[in-house]
Amino acid sequence: MVAAALTVILTLPAAAATGNKDRGEFYAREHCATCHAVGRIGQSPYPKSPPFRTLHEHYAVEGLAEALAEGIIVSKTGVPAMPVFVLSPDEIDDFIAYLKSLEGPARTAKAD
């Protein structure tokens, strides 16, 4: 049973490339936009919450799949009010696909 669980977790990052970024964006806007900037521009409503477009600068985005499967670990984020999210494998694939779509060069320059 443990080996099966490990297999599922280890295959999540590879499967993330098949996710639907539009569904991932919908999930992000519905569940995360209260605190995080979820698009290509704008600041996070809660200043300590990183904009999703910068996550790849701090984490291997595919590596977030395991945390999403087990629930976000609040103590690592330093944001005590962050709710725990446990996503299904399909939701993880979609969410990771959306985060990966934010890594592209279509960023706008910061306003002074």
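Looking at (1) at pLDDT below 85; (2) over 14 Å from the mean Cα position of the chain (by Cα), find the lone condition where GLN43 falls short.
Among (1) at pLDDT below 85; (2) over 14 Å from the mean Cα position of the chain (by Cα), the lone unmet condition for GLN43 is (1).
If you check every pair at least six apart or on different chains, which have Cβ atoms under 9 Å apart with a residue in the range 29-42 that is on the phi > 0 side of the Ramachandran plot first and a residue that is part of a loop (DSSP other than H, G, I, E, B) second?
Between residues of the range 29-42 that are on the phi > 0 side of the Ramachandran plot and residues that are part of a loop (DSSP other than H, G, I, E, B), the close pairs are GLY42/PRO51.
Going by the structure shown, is ALA67 more than 10 Å from the chain's Cα centre (by Cα) and either modelled with pLDDT of 90 or more or assigned to a helix (DSSP H, G or I) (or both)?
On the way: more than 10 Å from the chain's Cα centre (by Cα): no; either modelled with pLDDT of 90 or more or assigned to a helix (DSSP H, G or I) (or both): yes.
Judged against the criteria, ALA67 is not a match.
Would you check which residues across the range 70-112 are modelled with pLDDT under 65 and either assigned to a helix (DSSP H, G or I) or at positive phi (or both) and list them?
Across the range 70-112, the qualifying residues are VAL74, SER75, LYS76, THR77, GLY78.
The values are calculated or read from the model by the stated rules, or taken from the named source; none is laboratory data. Quick caveat, the model's predicted, so the values are computed rather than measured. Because the Cβ atoms are built from the backbone with ideal geometry, glycine has one as well, and the counts that use them run over all protein chains shown.
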